[in-house]
Amino acid sequence: MRLAFLTSLIPVARPDTGFEIANAAILSALREAGHDVVAIGFLRPGEIPADPAQAIVVAETDIENAVAPTARKLRWLSAAVRFGLPVASAKLRLAGAGRFVEAIRAHGPFDALVLNSVMLPGAFPELLGIAPCILVEHNIEHVSARQNAGHAGNPLLRRLYGREARLLERLERRLWGEARFIWTLAEEDRQALGLAYREKSCVLPLVSSDPVGTQSDDRCEPPIFDIGLIGTWTWGPNLIGLEWFLREIGPLLPADIRIAVAGRMPPELQASPNVRLVGRVPSAEGFLRSCRLVALSSRAGTGVQLKTIEAMQLGLPAVATTLSCRGFTELPANFTLADTAGDFARALMERVAAIRTGDRQRVDGAAFMKGQRAALANGLAQGLAAALG
């Protein structure tokens, strides 16, 4: 099939957010299945597509709230009010007005369009009339927005998130009905669609990258940190989990336990002396391997956690909340579930103590990777068959 993969962020050579890693995994699997796929969308300034020959960059723009100046945020909000759109869709409409839909038509025809999240069809509803459409629900967006509203301390932010939740729910429910098929990244999200969409949806199990963890990996340097956390902390649901860890779990840990937090984070984020904020890292795998174990502290959000997949496929031990492991019916033997701050801290201390004595608690991630890749290929095939009727 000839497909257009429509996305707010075209995959780059070194993706560093969960959204980008998921995009790259889906796009790569579609091409491995033999489909001719063109990625059409936007790119951060200065970045280069992973496959320039198969990418159409409509515009270079940075649509992340964390890096946007106040004037740009106000412009987005004004456009959202003017167009009656969620802010996330208004950003894309401003960035691609007069170019995005035109680029798709100019490079067509396509057998189907893969709508990578609801934000693009929210900004450009005419996409549904160009070709059969498959919707990728990375998260149930209106649920995430409602969670952000519930955790917002600022009354104005709470109102803005509430507005996003209402508009996103209306948009998502319309798109669920209009799309030929729906891919979710977690079974919990597929269940949230409701019985009406059970027959036109399936789950895409993801992999984050090519490397596979092994039970004994002597080529790695000794760990630098005891506990590692990695994620895109500028995204509201992720930040809720990180702040819970720093505020409630960190103070319960001994001062000699070394903790590192990697990934994009708000500039105002503060941490205790035994927590090192390392920011963006060149390799998620390299960072995770530099830690004795991984902390997965999600307390909000939908979809699947890419950081959980990374830990599993590298065979790393982890302490995780139940929400961090959504989408998985079975967990590796070196995972411990803990949903209270006290239980989480105790599990971390027990695992760190055992690892320091020489029990590395690593497992083989190869079987996990193989199963994920096979299930991903099957889910993609099911959706594409449905798109053709």
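Please report, ordered by residue number, every helix of the chain (full DSSP H runs) that is 27 Å or longer along its axis going by C-alpha atoms and whose mean Kyte-Doolittle hydropathy reaches 0.5. Don't jump to the answer; show the numbers that get you there.
Values: long enough: 155-178 (35 Å, -0.90); 366-387 (32 Å, 0.55).
Within the chain the helices that satisfy the rule are 366-387.
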**Asked** Can you list the aspartates and glutamates whose alpha carbon sits under 16 Å from that of Lys200, skipping same-chain ones fewer than 8 residues off?
**Response** Glu137, Glu172, Glu178, Glu187, Glu188, Asp189
**Asked** For labels at Ala196 and Arg356 in the simple 7 Å Cα→Cβ model, what's the distance in nm?
**Response** 5.6 nm
**Request:** Quick one: check the C-alpha center-to-center distance for the range 148-189 versus the range 256-277, whole angstrom.
**Result:** 30 Å
**Request:** Could you please tell me the mean projected area of the C-alpha convex hull for the chain, averaged over all directions and given in square nanometres to one decimal?
**Result:** 18.5 nm²
**Item:** Among 343-353, 367-377, 305-315, 73-83, the order from most to least packed when residues are scored by Cβ within 10 Å on average
**Value:** 305-315, 343-353, 367-377, 73-83
**Asked** By its C-alpha gyration tensor, with a ≥ b ≥ c as the square roots of the eigenvalues, how is the range 225-364 shaped: rounded for a/c under 1.5, else prolate for a/b larger than b/c, else oblate?
**Response** rounded
**Request:** Enumerate the lysines that Lys307 could reach by cross-link, defined here as Cα to Cα under 23 Å, with residues fewer than 8 away along the same chain left out.
**Result:** Lys370
**Alpha-carbon centroid distance for the pair the range 366-389 / the range 303-326, whole angstrom** = 20 Å
**Request:** Any lysines with Cα under 23 Å of the Lys73 Cα? List them, leaving off those in the same chain fewer than 8 positions away.
**Result:** Lys91
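Rule-based calculations on the coordinates, nothing more; no lab input. In this text, all values refer to a predicted model and were calculated from it rather than measured experimentally. Please note: Cβ atoms are built from the backbone with ideal geometry, for glycine as well, and neighbour counts cover all protein chains shown.
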